[in-house]
Amino acid sequence: MAVVKAGAYGHGLEAVAKALAAEDIVFLGVANVAEARRIRHAGVATRIYLLGPTWAGEREEIVARDWTPCLSSLAEAEHFNRLARAAGMRLKVHIAVDTGMGRGGFLQDQLPGLMAALEPLAHLEIEGIGSHLPSADEDEAFTRTQIARYLAILDQLGGPARFKWRHLLNSAGLLGYDRTACNLARPGLMLYGVSPLPHFQDQLATVMTLKSRVTLVRTLPAGHGVSYGRQFVTTRPTRVATIGIGYGDGYPRHVSGQGAEVCVHGCHCPILGRVTMDQIMVDVTAAGDVIEGDEVEMFGPHIPVAVIAEKAGTIVWEIFTGITPRVVRCYLGDRG
Ligand SMILES: *Cc1c(COP(=O)(O)O)cnc(C)c1O
C-alpha cells in the first residue's frame, strides 16, 4: 500500500498517484474521500484504502465507489453493511485493531468478542486486518510487543490465513523490524525517499528538492541588522543575498536563529535573522560570485530535509506536508 495522503506528503497527489499507477501496488492509502476523489479524477484505478475512521456523511460515497474503509467500531460496520445492502453489493472492508496507537481501531481485548457480531454482516467482506505503530522509530521494545500482540490477535481470530491482507508496518516498521507477520505494508515517508531511521537514509534518494532563487545581492556594513526583530546584526561587512521564499511557502519559520543553511553554488550559506513570509536573507560571503537569479537549494541533495526539520523542532512529515500551493511542483520528465 502506497500511502499518498496529504497530497502525497506534499509531493502532489495526482502526479504521485499516476507515477505509482503502473507499479505492483494493491492500495493507495488516503486520509479521506476528498483525496480518494482526486485520485479517481486523475484517472488512476488502483484500489483506494481509507487509513482512518470515516464519518457517517462520507460512507455512502465510499460504498458507491467501492473504496475500502478500515472499521473501528461495530456502529461503523453496521452502517456500512446497511449502505452496501441498499446498493446491492458486498463491500470489502478491513478491521483496524488498536495494539497501542490509541487513535483508531477496535480495542485489542474487545475485538475477539465483537467478531461474532461483525462476521454475520452479510454485505461486508472482511478481507483485511491492520494495526498501526506509534513509535517504531523511537521505541524498539514497545514495537516488538506490538508485533507480538498483532500476531496473537491473528491467532485468536482464526490464524493469518483468515485474512487476505495483513498489515501493520509503516516506514519505520518496514525498515527496522521483522516483516513476516504481514503480507502488506503501508510505507509513507520512505516512498518519498526519507528514512525515519537515520541509518537507512543512504539506501534512499530523497524525492523532493525545494529550490528558490536569489532576488538581490548586497554588501551590508558591520553593525547592520537583518530581518524582523533585528535578532541578527552583522559583525563584519557581509555579502547578503535575499532569497524569494519564506514561511508563506512552507519553509519553516522556526529555523530562525537555529543555524540553518541553504546551498548556493554548492556552498552552504547560513540563514541570517528571521525567516519572513516571502523572503529569507543568507550570508553568501563565502559562496563566490552570487548574482540575482542564481538557484538556491533550501533542502534536497545537499541540505538534508531531516536537518531542517530538526532545526525547526519538528518532523520531516510536517515539513513536506506544509509546503504550500504557492510552490510550483516540477516533476522529472516535465518540459519547460
Ligand atoms: C500515515 C500512515 C502511514 C505511513 O506512515 P509513514 O511513517 O509515513 O511511513 C501508515 N499507516 C497509517 C495508518 C498512517 O496513517
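For the reader, a short list of remarks on this structure follows.
- Filtering segment 300-320 to residues that are farther than 25 Å from G225 by Cβ and in contact with a Lys or Arg (Cβ under 9 Å, 6 or more places away or on another chain) leaves only G300.
- Residue match in segment 125-139 (condition: touching a Pro at 6+ places or on another chain (Cβ under 8 Å) and either surrounded by 14 or more Cβ atoms within 10 Å (Cβ to Cβ) or closer than 24 Å to R59 by Cα (or both)): yes
- Within segment 157-180, being within 16 Å of the ligand (Cβ to nearest atom) and either among the polar types (S, T, N, Q) or within 17 Å of G102 (Cβ to Cβ) (or both) holds for L168, N170, S171, G173.
- Subset of segment 30-45 (residues that are within 16 Å of the ligand (Cβ to nearest atom), touching a helix residue (DSSP H, G or I) at 6+ places or on another chain (Cβ under 6 Å) and not in a helix (DSSP H, G or I)): V30, A31
- Listed by position, the strands (runs of 3 or more DSSP E) inside segment 253-336 whose residues that are among the hydrophobic types (A, V, I, L, M, F, W, C) and in contact (Cβ under 8 Å) with a residue 60 or more places away in the chain number at least 2 are 295-299.
- Selection of first residues in segment 159-176 that are more than 14 Å from S131 (Cα to Cα) and of a type outside the set (A, V, I, L, M) and of second residues that are within 13 Å of the ligand (Cβ to nearest atom) and part of a loop (DSSP other than H, G, I, E, B), restricted to Cβ pairs under 8 Å at least 6 apart or on distinct chains, gives the following pairs, ordered by first then second residue: G176/A136; G176/D137; G176/L197.
- In the set A122, A136, only one residue is in contact with a helix residue (DSSP H, G or I) (Cβ under 9 Å, 6 or more places away or on another chain), touching a residue at least 12 places away in the same chain (Cβ under 8 Å) and either within 16 Å of the ligand (Cβ to nearest atom) or on the phi > 0 side of the Ramachandran plot (or both); that residue is A136.
- Residue in segment 53-67 that is part of a strand (DSSP E or B) and not hydrophobic (A, V, I, L, M, F, W, C) present: no
- Qualifying residue in segment 99-115 (condition: in contact (Cβ under 8 Å) with a residue 60 or more places away in the chain, within 17 Å of V3 (Cβ to Cβ) and either within 14 Å of the ligand (Cβ to nearest atom) or of a type in the set (S, T, N, Q) (or both)): no
- Yes/no for L154 being in a helix (DSSP H, G or I), in the same structural domain as D109 (by TED's automatic domain parsing), in contact (Cβ under 8 Å) with a residue 24 or more places away in the chain and more than 14 Å from G100 (Cα to Cα): yes
- Of the residues examined, S171 is not one that is more than 26 Å from I48 (Cβ to Cβ) and in contact with a helix residue (DSSP H, G or I) (Cβ under 8 Å, 6 or more places away or on another chain).
The values are calculated or read from the model by the stated rules, or taken from the named source; none is laboratory data. Bear in mind the structure is a predicted one, so any value in this text is a computation, not a measurement. Cβ atoms come from the backbone with ideal geometry, glycine included; neighbour counts cover every protein chain shown.
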